[in-house]
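A quick write-up on the structure given underneath.
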Amino acid sequence: MTDAVPAQPLARWLRATVPDWPDGPVGVERIAGGHSNLTYRISDATGRRWALRRPPAGMVLATAHDMGREWRFLTALAPTPVPVPDPVAYCADPEVIGAEFYLMGFVDGEVLGDRESGHRMPPGAPRRTVGLDAVDVLAALHAVDPDRAGLADLRRPGGYLQRQLRRWHRQVHESAVADLAVVDAVHERLVKRVATLPPAPVRIAHGDFRPGNLAVGPDGRVRAIFDWELAALGDPLADLGWLVASWGRPGDTTPPTIPGPSLVEGYAERAELVARYAERSGRDVGDLDVYVAFARWRSACIGAGVYSRYAGGAMGAGEADGGAARLRSVHEQAAAALATLDA
C-alpha cells in the first residue's frame, strides 16, 4: 500500500526541503501501521534510509492522528538523553502526499512486538537487558522537564488519570459491547482510588510504552522509542503501569494487555522492572496497583472500540469466530483490573 505515500510528489518535496537530498527516484516501503499512524521506509537514490510517519489512509480525525503533535515530542526529546530517531523534516501541507507527515532517521534494531519475537533475542543477558534497559530509558524520559523542553503549552488542567478515566469511560459506552458491568465497576473503583493518590509530577507520558514500540540492538539495549501518537503531559507512573500490564510471563494465568516477547523464557520478571524503575527514578511505586489496574481497564476500553469496528464491518470479515475473541479480551482485561484492585 504505497499509494498512501506517492513517491514522485514526495521526492519533489524532499529535494526542495531536505538539504543535499540527491536527485533520483525515492523508494517507499510500508513497514508498520494499521489503525494507528503508518510508518514507511524511505530510501534515496544512494541507498540511504529514513522513516516517514503519516496518518492512516482515509482517517479524518486530526486529534487522533496529529502528526504535528508527534513531531513536537520528537523534536523536544532529540537533544535529551532519551533515545529517539533524529527528526529531519515536517510537512503540514496535506497536498504533498494527501496528509501531513514527517521524516525521521531510520533506526536499525529489533522491534519485539509479539510473543514469537521474543525468540529473536539471544538467551541470557540480551533477553534480560531488554526489560531492564527499557525501564532505564523510561526513567530517563520521565526525568525530562517538559517546560524546559518547550512543551509547557501542552499542559492541561486537572489530573491526568482523572481526564483519562472520563475519556475512556465515555468512549466505551459508545461501543457495541453490551455488557459493561465489570468495566463500570472498575471505573467506579478507580475514580475513588485515584482521588486518594498524592499529586503526581507532570512529565512526558508516552502512552504506549512497551517493547513493540522500541528498537533494540543485539545486546538488548534500546536504540529508539517510536510511536508518539498517544504522548501527552501527564502522570509518569501511567507509563510504568502500562509496561507492567503488558509484560506477560510464562505461566501467567491472566493474559497481558498486549502479548509481547516477555512471554518467552529468559526475560526479566515484572517485580525486577518495578524495582529498577523505583531505583532509577527515585519515585514511590507503592500505589502502582492503581496504575496497573488502570492500564488493564484502559486496554478493555480500547478493545471495546476495536470490537465495535469489527462488529460494524469496518475491519472486514476475516475472523472465523465472529469477533468473539476480541469480546472475550475486553471482559478478561476488565476482570483482571478488578482483581488487581482487590489484591
R170 being at pLDDT 95 or above, buried (at least 17 other Cβ atoms within 10 Å of the Cβ) and either out of contact with any Lys or Arg (no Cβ under 7 Å at 6 or more places or on another chain) or assigned to a loop (DSSP other than H, G, I, E, B) (or both): no
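Table: residues versus (1) over 21 Å from L103 (Cα atoms); (2) within 14 Å of the chain's Cα centre (by Cα); (3) of a type in the set (V, I, T).
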{"position": "H206", "(1), (2), (3)": "no, yes, no"}
{"position": "P211", "(1), (2), (3)": "yes, yes, no"}
{"position": "L237", "(1), (2), (3)": "yes, no, no"}
{"position": "P256", "(1), (2), (3)": "yes, no, no"}
The stretch 74-88 residues that are outside the structural domain of E229 (by TED's automatic domain parsing), paired with ones that are of a type in the set (D, E, K, R) and in a strand (DSSP E or B) (beta carbon under 8 Å, 6 or more apart): P83/R223
Residue check, P56 surrounded by 14 or more Cβ atoms within 10 Å (Cβ to Cβ), more than 29 Å from P22 (Cβ to Cβ) and modelled with pLDDT under 95: yes
Which listed residue is modelled with pLDDT of 95 or more and small (G, A, S), from A195, A200: A195
Residues of the stretch 253-288 being closer than 21 Å to E332 by Cβ, part of a helix (DSSP H, G or I) and not polar (S, T, N, Q), in sequence order, are P261, L263, R270, L288
When both residues are 6+ apart or on different chains and their Cβ atoms are under 8 Å apart, which pairs have a first residue that lies in the stretch 165-187 and is on the phi < 0 side of the Ramachandran plot, and a second that is of a type in the set (F, W, Y) and in a helix (DSSP H, G or I)? L165/F294; W168/W297; S175/Y307; A176/Y307; V177/Y307; V183/W297; V186/W297; H187/W297
Given the criteria part of a helix (DSSP H, G or I) and either at pLDDT 95 or above or not polar (S, T, N, Q) (or both), does V177 qualify? no
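The values are calculated or read from the model by the stated rules, or taken from the named source; none is laboratory data. Note that this is a predicted model, so its numbers are computed, not measured. FYI the Cβ positions are ideal-geometry reconstructions off the backbone, even for glycines, and counts take in every protein chain you see.
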